[in-house]
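First comes the structure, then the notes that go with it.
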Amino acid sequence: MIENEVLKNMKTRFSCRKFKPDPVEKEKLDAILDAAKYAANGHHLEAWHFTIITTEEGKKELLDAVAPEPEEFKKFAPKGATWPFPSDFFGAPVVIMISYDPKAPWPDAGAFLAAGNIMNAAHSLGLSSCALTVYSKDVFRTEETKANRAKFIPEGYELYLSLVLGYPEVVPTNKPPRKEGVETWL
Ligand SMILES: Cc1cc2nc3c(=O)[nH]c(=O)nc-3n(C[C@H](O)[C@H](O)[C@H](O)COP(=O)(O)O)c2cc1C
């Protein structure tokens, strides 16, 4: 199999669920966000927005802003998890919320590709990340919490996904191989 630094970086990236409290250098965050903005996106409209939370007050504001626990949470959450999960953001110093303009063509695809760039760029700089389903699309879904959205994302935009980011407490040495049999060749 061909290997190079980029391929190796993509294949060693992992979802981190325990972070060191160390802050992330601003120049690293700038480089990561720059990489995000180079993602492919529908009609090259770059209809995305990134909200970067680096303070404890900011994280607390987000926790206070989220909708109450939805019905389906218990079904999908890890055993013993309480809403919103994880309320400590796995100890990560940085939360990045990615939102998009729903009026643009395929805006969610662009947002997701930007998320991929963030994850891979972070890993290349010795950082790790994890996507958090709870702090995504539906987090401001109720009437009472709809207004909270304005604090975090631009008017008319929709939150797509949040990522946590920071220095990992532990780096896995071997990632299990990925599932085979998921290709069709013609
Ligand atoms: C859209 C999306 C949502 C995710 N949500 C969560 C989450 O809420 N909590 C979590 O611990 N991991 C979450 N993950 C991480 C996945 O569990 C992880 O990517 C998957 O297990 C593969 O592992 P890897 O990222 O280490 O390769 C999410 C990943 C994606 C792409």
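Bear in mind these aren't lab numbers, they're just calculated from the coordinates by the rules spelled out. Values in this document were obtained by computation on a predicted structure and should not be read as measured data. Note: ideal-geometry Cβ built from the backbone for every residue, glycine included; neighbour counts use all protein chains shown.
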Margin query: For MET1, MET10, MET97, MET119, which order do you get if you count the other beta carbons within 10 Å of each Cβ and list the fewest first?
Written below: MET1, MET10, MET97, MET119
Checklist line | Anchor LYS11: aspartates and glutamates whose Cα lies under 20 Å away (excluding residues fewer than 8 positions away in-chain) | finding: GLU3, GLU169, GLU180, GLU183
Next item on the list: Determine, for GLU71, GLU158, the number of other Cβ atoms within 10 Å of each Cβ, and report the residues in order from fewest to most.
Entry: GLU71, GLU158
Note to self: If packing is taken as the average count of other Cβ atoms within 10 Å, what order do 33-46, 172-185 fall into, highest mean first?
What the structure shows: 33-46, 172-185
Next item on the list: Taking every pair of Cα atoms in the range 119-181, average 1/r, invert it to obtain the Kirkwood radius, and report Rg/Rh to two decimals.
Entry: 1.13
Notebook entry, point to check: Restricting attention to the alpha-carbon atoms of the chain, what are Rg (one decimal) and Dmax (integer), both in Å?
Noted result: 17.1, 53
Item checked: Selection from LEU159, PRO177, PRO107 lying farthest towards where the dipole of the range 79-181 points positive, charges on Cβ -> PRO177
Margin query: With a cut-off of 8 Å between alpha carbons and a minimum separation of six or more residues, what is the relative contact order of the chain in percent?
Written below: 35
Next item on the list: Subtracting the Cα-Cα distance from 0.36 nm times the residue separation, let me have the gained length for HIS44 to GLU57 in nm, one decimal.
Entry: 1.2 nm
Checklist line | Simple label model, 7 Å out from Cα along Cβ direction - GLU27 to LYS175, nm | finding: 2.7
